[in-house]
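The values are calculated or read from the model by the stated rules, or taken from the named source; none is laboratory data. Because the structure is predicted, anything quoted here is derived from the model rather than measured. Glycine gets a Cβ as well: all are built from the backbone with ideal geometry, and neighbour counts include every protein chain shown. What goes into the accessible areas is simple: the full protein's heavy atoms, side chains included, and nothing from ligands, DNA or RNA. Shrake-Rupley method; radii C 1.70, N 1.55, O 1.52, S 1.80 Å.
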Amino acid sequence: MIEVIEPATERVMAEVPRAGAAEADAAVARAAEAFGAWRGVAPADRAALLRRLADALESHLEELAMLEARNAGKAISDARGEMGMVAETFRYYAAAPERLLGQTIPVAGGVDMTFREPLGVVGLIVPWNFPLLIASWKVAPALAAGNTVVLKPAELTPLTALELERLALEAGLPQGVINVVAGPGSEVGRRLVEHPDVDKVAFTGSTEVGRGVAAGAAATIKRVTLELGGKSANVVFADADLERAAAAAPLAMFGNAGQDCCARSRILVERPVVDRFLEALEDSVESLRVGDPLDPETQMGPLISAAQRDRVSSFVPGDAPVAIRGSAPDGPGFWFAPTVLAPVSRSDPVAREEIFGPVACVIPFSGEREAVEIANETVYGLSGSIWTRDGAKALRAARAIETGVLSINSNTSVRVATPFGGFKQSGVGRELGPDALEHYTELKNVFYATEGG
Ligand code: NAD
């Protein structure tokens, strides 16, 4: 059994059967069996089933949010928002089965046409930080395109994925279309990557494990999409609305306790306004409400595990330049107070490595060119923000920063209808929006001769 721990109390909240490679094989066989029928479901009927699943998720939103908040230690207000987006994601992709259009292409001697066809069985491997949300970004487009899926949640957070499987059956999706296998990455995850009957793997997790997934998938030339780590920059120019930028920064760094691949954990601030920005930031960090995830007022909960807390602590040794430290409860729970280090040199490991916790660093810069240079000196390129009142400068910097997602005068990264994914070692492929569907289909080209023999 897997003992599922509640990070705010350190108590066991559930036990679920621990699957291994044999269970992964069985799930792949069920998915392969279900594929023929599922791809044959009329597009309008497949769309209707996805909408019914969205309805079921919405009607169970509160219990799913409670489960996710307790298991992942996230603020209940965030968990409710995430569950709302899960339902929205299924509803968005419910429009796809009837809109997976091909083309006719003018060629000599006949008619040429293209079709978007499903891949088959898709293996989905997801992390613990946004368990059901990230799963939905993969399951919904995969099913809409006519694939069946085997979903492996992280061992620490299997509960909402298991609920998804149950709700899918309740909503009328055929058996075998969604198969959830909760078990360790080294057994279940690895098996999905290597399995000859899995046609594609969509992985979200660390860059390190992602590298192994890409290498493992090469043996069977599997399609692979990867959403990996990040070390995103929040660039604050001197001409920005500093109050707004400082008010928005804490949630961009400390939302989900900083365990967010999009966390803007490097705050690049133009030299003349560093002190003013830090002053404004102090208020917003110190007033951040850190505590019981189930309290509706809470903005930040604990870290996921003791191991994660140890890792995060290692980035803040005794002589670290702590400029701001928020509060955190004592007692049981994997707590870590929101921490801002300033000033930090751009070459410091804390400015380069993904911390995945509530620790951010302030790096001063001089001028637009240096801001872009610093923003780009990382192996990652996932997300980021730019704050300035100069629209042309904002757009120049936005084009020059090597990142998949960027927001100007805003701290948000993710919308159901827009593409999300990384440059460089932050990943391969895109999720969400219409582009994700390309990663769950093959493009077939058929030529029909109308002239000659
Ligand atoms: P992780 O890489 O340790 O694990 C991710 C998943 O992979 C888990 O389900 C795990 O069990 C599985 N896994 C582990 N070893 C495996 C193997 N050998 N073969 C196949 N699967 C294996 O990551 P994590 O600690 O769960 O999550 C944190 C990381 O995820 C961070 O680096 C974060 O930036 C990244 N992340 C990225 C995005 C994004 O969209 N880019 C979103 C969220 C998290």
Which listed residue, of 168, 240, 246, 182, is crowded, with 19+ Cβ neighbours inside 10 Å, in a loop (DSSP other than H, G, I, E, B) and more than 12 Å from the ligand (Cβ to nearest atom): 240
Failed item, numbered, when residue 360 is tested on (1) at pLDDT 95 or above; (2) small (Gly, Ala, Ser); (3) assigned to a loop (DSSP other than H, G, I, E, B): (3)
Condition broken by residue 136, with the remaining ones in (1) surrounded by 24 or more Cβ atoms within 10 Å (Cβ to Cβ); (2) over 27 Å from residue 207 (Cβ atoms); (3) of a type in the set (S, T, N, Q) satisfied: (2)
Set 399, 415: member being assigned to a helix (DSSP H, G or I), open to solvent by 30 Å² or more (accessible area, probe 1.4 Å) and either without any contact (Cβ under 8 Å) to a residue 40 or more places away in the chain or not assigned by TED's automatic domain parsing to the domain that holds residue 119 (or both): 399
Single residue of region 257-288 satisfying the filter (without any contact (Cβ under 8 Å) to a residue 60 or more places away in the chain and assigned to a loop (DSSP other than H, G, I, E, B)) that is farthest from residue 359 (Cα to Cα): 287
Qualifying residues in region 434-452 (those that are aliphatic (A, V, I, L, M) and in a helix (DSSP H, G or I)) - the one nearest to residue 419 (Cα to Cα): 436
Close pairs from region 29-45: first in contact (Cβ under 8 Å) with a residue 40 or more places away in the chain and farther than 12 Å from residue 143 by Cα, partner open to solvent by 60 Å² or more (accessible area, probe 1.4 Å) and not in a helix (DSSP H, G or I), Cβ under 7 Å, at least 6 apart: 32/197
Hey, residue 310 within 23 Å of residue 130 (Cα to Cα), under 24 Å from the mean Cα position of the chain (by Cα), more than 16 Å from the ligand (Cβ to nearest atom) and open to solvent by 60 Å² or more (accessible area, probe 1.4 Å) or not: no
Residue ID - farthest from residue 355 (Cα to Cα), chosen from residues in region 206-215 that are near the ligand (Cβ under 7 Å from one of its atoms) and open to solvent by 20 Å² or more (accessible area, probe 1.4 Å): 212
Residue count, region 418-427 (criterion: assigned to a loop (DSSP other than H, G, I, E, B) and not polar (S, T, N, Q)): 4
Failed item in (1) open to solvent by 20 Å² or more (accessible area, probe 1.4 Å); (2) within 12 Å of the ligand (Cβ to nearest atom); (3) touching a Leu at 6+ places or on another chain (Cβ under 7 Å), with residue 203 passing the rest: (1)
Any hit, region 36-45, residues being open to solvent by 10 Å² or more (accessible area, probe 1.4 Å), in contact with a strand residue (DSSP E or B) (Cβ under 7 Å, 6 or more places away or on another chain) and at pLDDT 95 or above: yes
Where residue 122 falls short, out of the listed (1) in a strand (DSSP E or B); (2) closer than 20 Å to residue 180 by Cβ; (3) open to solvent by 10 Å² or more (accessible area, probe 1.4 Å); (4) of a type in the set (A, V, I, L, M): (3)
Filtered residue count, region 317-327, keeping only those that are surrounded by 20 or more Cβ atoms within 10 Å (Cβ to Cβ) and in a loop (DSSP other than H, G, I, E, B): 1
Number of positions in region 219-237 that are open to solvent by less than 20 Å² (accessible area, probe 1.4 Å), within 30 Å of residue 195 (Cα to Cα) and not in a loop (DSSP other than H, G, I, E, B): 3
Qualifying residue in region 61-77 (condition: among the charged types (D, E, K, R) and surrounded by fewer than 16 Cβ atoms within 10 Å (Cβ to Cβ)): yes
